[in-house]
Amino acid sequence: MAGTSEAFVGLGRAVVAAVTLVATGAAAAGAQQAADIDAELVTRVVSTLAADSMGGRDAYTPYGMRAAEYLAGEFRAAGLQSPAGADGYLQRFSTRTLTVGTGRVVVNGRQLLPNQIAMRLGGGDIDWETGDVPVIVVGPDDEPLTTVTSVANAGFDALVLIDEAHREGFGSLVQLFRRPVRVLSSATGAAVVLALTRGAEDSTYRITHTVTAVEEPLANVVGVLPGRRTDEFVLFSAHYDHLGFERPIFGDSIANGANDNASGTAAVVALAKYFAARGTPERTLLFAAFTAEEVGGFGSRHYSRQLNADQVVAMFNIEMIGKPAAAGPNQAWITGFDRSSFGQILQQASAGSGFQFVPDPYPSFRLFSRSDNLTLALLGVPAHSISTTPIDTDQDYHKFSDEVETLDQQHMLRTIRAIARASEPIVAGRATPTRVDPATVGP
Ligand SMILES: [Zn+2]
């Protein structure tokens, strides 16, 4: 789960943790009764990912890549196939961090000073002459921030001429626009240039500017179980990245992210093994462990560009299932419950099982928009996150204390079994959730 600030932004205890989590006699009996979710596999994946040797699985670090390679091995062992276009089970890609370099901005024959210019160049160098891009004018009585925000979000190249009456407010826009921008290397972002000058829509201009780009590699872990229907996909996903090394607190400088989100990743691996053991499914099942959820959702954003979202029937995105819900055990909640019939299908499939799926009890936390499901939901997919952690009171969320010892292993197992059971009608092609309306989904 990503933090709220940046929208889409303990040494040597692993051995002890692994011992703590090894199934007791009672747990083993439970595992036998309920389907075939492999309890030892869940324990192993959580303990391995949350161990200090994984360094908090920060995207853009060797630790993140180490976690990806480890998970690739688990995907293979689970019986998944490597999807077309992947390097084994790794879906490699990169992002670029763009910093504005040097150039010239001339409007109506006058060259502007650096403090009269701000720009965000998402697609590389620019070289514009009059007529190349739309000109948007913010007059003395208009509100600059509203216009600039909507232009910046619109995704097209534009020149915004801001009247000199807004000289004071312009400084904060400059600060906002000076931050480096990180984008998917495969995506071309828009270029927006702000100029503090009196102008009109028919103003003439000549603008040349450079950008420096730093390219950084990332990898999702992806697998597939081909079904009888080759053009209908059900996606099970979780992000495997976490926050990595932070400032030391009492000697612990690693945010291990056991609950966030080694727990969800372990669920995806365990579900992969469960479904692979059951033979060919009706619908084709996709499994993904996403990178860079905590720093912009780049993993799911890249992933969504590699498939036809119209063919994705449902996305089960699993987040922080290591602790029981506030309302009690045997319950999980679904973000954006009312945005599709996904939740109702899960409820019906769980009737009488003793496990309940309920709407997200924390609407003010906007959790539907704070994980990888958002990317697919924006493409119309019934894409929801399933979680159990009481995020309003949880003391370990995004803290060093999110360690494997804090997790309730039996609760995790029950939750994963419940997801396996509840997804059955969708996997078997008997139920199809209604689509999400992207127009109603905002980041
Ligand atoms: Zn998180």
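The values are calculated or read from the model by the stated rules, or taken from the named source; none is laboratory data. Note that this is a predicted model, so its numbers are computed, not measured. Every residue, glycine among them, receives a Cβ derived from its backbone with ideal geometry; neighbour counts consider all protein chains shown. These accessible areas exclude ligands, DNA and RNA; they are computed on the full protein's heavy atoms, side chains included. Shrake-Rupley method; radii C 1.70, N 1.55, O 1.52, S 1.80 Å.
A few notes on this one:
- Using alpha carbons only: equivalent-ellipsoid semi-axes of the range 96-215, gyration tensor based, whole Å: 22, 15, 13
- Beta-bridge orientation, the range 99-208: approximately 60 percent antiparallel, per DSSP, counting only bridges with both partners inside.
- Note on the range 96-215: dipole from Cβ charges, positive end direction compared against Gly155, Ala190, Phe177; the farthest Cα belongs to Phe177.
- Summed over qualifying helices (DSSP H, 4 residues or more, each -39500 (n - 2.57)) and divided by its residue number, the chain shows a 222 nm mean residue ellipticity of -8000 deg cm²/dmol.
- Residues of the chain: accessible area per residue with a 1.4 Å probe, Å²: 41 Å²
- The range 166-279 shape via C-alpha gyration tensor axes, a/c threshold 1.5: oblate
- Cα centre as origin, Lys/Arg/Asp/Glu Cβ charges: the chain dipole, Debye: 800 debye
- Percent accessible area from carbon and sulfur atoms, the chain, protein chains only, probe 1.4 Å: 52 percent
- Cut-off 20 Å (backbone N to label point 7 Å along Cα→Cβ of Ala428), residues of the range 345-381: 345-357
- Euclidean distance of C-alpha centroids, the range 129-162 and the range 407-426, integer Å: 49 Å
- Potential lengthening between Ala77 and Val214 on full extension [0.36 nm per residue; Cα-Cα distance subtracted]: 45.8 nm
- In nm, spacing of pseudo-spin labels at Tyr362 and Asn153 (7 Å Cα→C-beta vector): 2.4 nm
- Rounded to the nearest 20, the size of the Cβ-charge dipole of the range 96-215 about its Cα centre is 520 debye, with Lys and Arg at +1 and Asp and Glu at -1.
- Solvent exposure, largest accessible area first (probe 1.4 Å, DNA, RNA and ligands not counted), of Phe233, Phe287: Phe233, Phe287
- Mean-position separation - Cα centroids, the range 315-354 and the range 85-109, in angstrom: 39 Å
- Per the Debye calculation on the chain with a single equal scatterer at every Cα and no solvent contribution, log₁₀ I(q)/I(0) for q = 0.07, 0.08, 0.12, 0.14 Å⁻¹ amounts to -0.39, -0.50, -0.97, -1.20.
- Within the chain, percent of DSSP bridges classed antiparallel, to nearest 5: 60 percent
- Charge-dipole axis of the chain as Lys and Arg at +1 and Asp and Glu at -1 on Cβ define it, positive-most pick from Phe365, Thr388, Thr280: Thr280
- Dipole axis of the chain (+1 Lys, Arg; -1 Asp, Glu on Cβ), positive-most option in Val427, Trp128, Leu218: Val427
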